[in-house]
Amino acid sequence: MARYLVTGCAGFLGSWISQALIERGETVRGFDNFETGRKQNLVDILDRMEFIEGDLRNADEVARACDGIDYILHQGALPSVPRSVKDPRTSHTANIDGTFNLLEGARAAGVKRIVYAASSSAYGNQPGFPRKETMVPMPIAPYPVQKLAGELYMRSYWQVYGLETVCLRYFNIFGPRQVPDSPYSGVMAKFTLLMLNGEQPTIFGNGEQGRDFTYVENAVSANLLALHAPAEKVAGKVFNVACGERHTLNKTYEILAELTGFSKPPLYGPERTGDIQNSLADISAAREAFGYEPLVGFEEGLRRTVEWY
Ligand code: UD1
């Protein structure tokens, strides 16, 4: 029976992916160091999986995690654009060295395929929407550079060693379990919690920046599909994972305010360094290669998120 390793299994996406695999009856090993992941995210699944506490920066721990594994879902990372601007070295080691350790561990263990959590921030601020995977990446902040380096390493290990690797460029994934109260929290989780607590969120810039906000269940389904799609369609390739819709922060604020019963207008502050202005994906490549379809739309995703917090 196939064995799966989920790195970052206690994190937002990693915990949802681990749970989905376990619910399908798969054998799952999780790996996390709880730097940003939370034990709380594992309570429903910990007794049905194997768990190794370890750090992606430690090559020996990573090698042990890869031993006996057939498929890897590499979600472990130190996310956040502003975190990488403030402390590039720490996120560099977690995201680049960590991914390199994982590839080396996977190669030694004879792993069949890795599905890698890449980032749409790699497109940067270049002109041209929607974003297509054929565009030349133009990352701005350290974090997108690190995530892009991971993609290139993934492709290299396919080309050089025949290790099947698939990169999924996530576009602003949101939903239950996303950390809402860290200085590096994603906007959706942060705004939801503030509004539910009656506190006024601040929009950085004029609020007309847009994102292709994508509910977490869509990203989980993309991972599961990419795991077993034919190698000739996916190996060594990159795919956008999004909904294919752009929503401005101002509009998102309005909907969230309505759902949470919050009546105050937003505060506005200066633009955040390293931010991109807009984001919108063309999702036809994922559709064609492995039948990806967004299952949960934007507003339904927001409703489920608000209900959870
Ligand atoms: C997000 C992800 C990143 C991923 C990228 C891919 C998070 C934390 N980051 O980056 O991992 O690679 O999508 O598309 O999920 N904003 C405010 N007020 C706030 C917080 C944020 O106005 O209090 C604004 C930001 O300035 C930005 C937008 O909201 O314009 C989105 O910010 P954020 O949720 O941090 O996500 P990204 O930086 O787009």
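The values are calculated or read from the model by the stated rules, or taken from the named source; none is laboratory data. Just so it is clear, the structure is predicted and the values come from calculations on it, not from any experiment. Every residue, glycine as well, gets a Cβ built from its backbone with ideal geometry; the counts of neighbours run over all protein chains shown.
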Flagged pairs (Cβ under 6 angstrom, 6 or more apart or on separate chains; first in the stretch 279-308, more than 24 Å from Leu249 (Cβ to Cβ) and part of a helix (DSSP H, G or I); second at pLDDT 95 or above and charged (D, E, K, R)) are Ala285/Glu133; Ala289/Lys233
Screening Tyr253, Tyr268, Tyr215, Tyr170 for residues that are of a type in the set (Ser, Thr, Tyr) and within 30 Å of Ser156 (Cβ to Cβ) leaves only Tyr170
Whether any residue in the stretch 37-59 is in contact (Cβ under 8 Å) with a residue 60 or more places away in the chain and surrounded by fewer than 16 Cβ atoms within 10 Å (Cβ to Cβ) is what I want to check. yes
Checked the stretch 69-90 for anything out of contact with any Lys or Arg (no Cβ under 6 Å at 6 or more places or on another chain) and closer than 24 Å to Ser18 by Cα; matches are Ile72, Leu73, His74, Gln75, Gly76, Ala77, Leu78, Pro79, Ser80
Go through (1) away from the ligand (no atom under 11 Å from the Cβ); (2) under 15 Å from the mean Cα position of the chain (by Cα) and name the single condition Glu164 misses. (2)
Give me the residue from the stretch 129-154 that is away from the ligand (no atom under 16 Å from the Cβ) and either in a loop (DSSP other than H, G, I, E, B) or in contact with a Lys or Arg (Cβ under 8 Å, 6 or more places away or on another chain) (or both) and, out of that set, nearest to Arg57 (Cα to Cα). Val136
Using beta carbons and a limit of 8 Å, which pairs, at least six apart or on different chains, have the first residue in the stretch 172-183 and free of Cβ contacts under 8 Å to residues at least 12 places away in the same chain and under 24 Å from Gly244 (Cα atoms) and the second one part of a loop (DSSP other than H, G, I, E, B) and more than 7 Å from the ligand (Cβ to nearest atom)? none
Within the stretch 94-103, can one find any residue that is surrounded by fewer than 17 Cβ atoms within 10 Å (Cβ to Cβ) and assigned to a helix (DSSP H, G or I)? yes
Within the group Ala108, Ala122, which residue is in contact with a helix residue (DSSP H, G or I) (Cβ under 7 Å, 6 or more places away or on another chain), in a helix (DSSP H, G or I) and surrounded by fewer than 17 Cβ atoms within 10 Å (Cβ to Cβ)? Ala108
Index of the failed condition, Tyr157 passing every other in (1) at pLDDT below 95; (2) more than 20 Å from the chain's Cα centre (by Cα); (3) hydroxyl-bearing (Ser, Thr, Tyr): (1)
Any residue that is in a helix (DSSP H, G or I), touching a residue at least 12 places away in the same chain (Cβ under 8 Å) and within 28 Å of Gly37 (Cα to Cα) - is there at least one of those in the stretch 233-252? yes
Does Glu254 satisfy the criteria of being of a type outside the set (Gly, Ala, Ser) and under 19 Å from Ala118 (Cβ atoms)? no
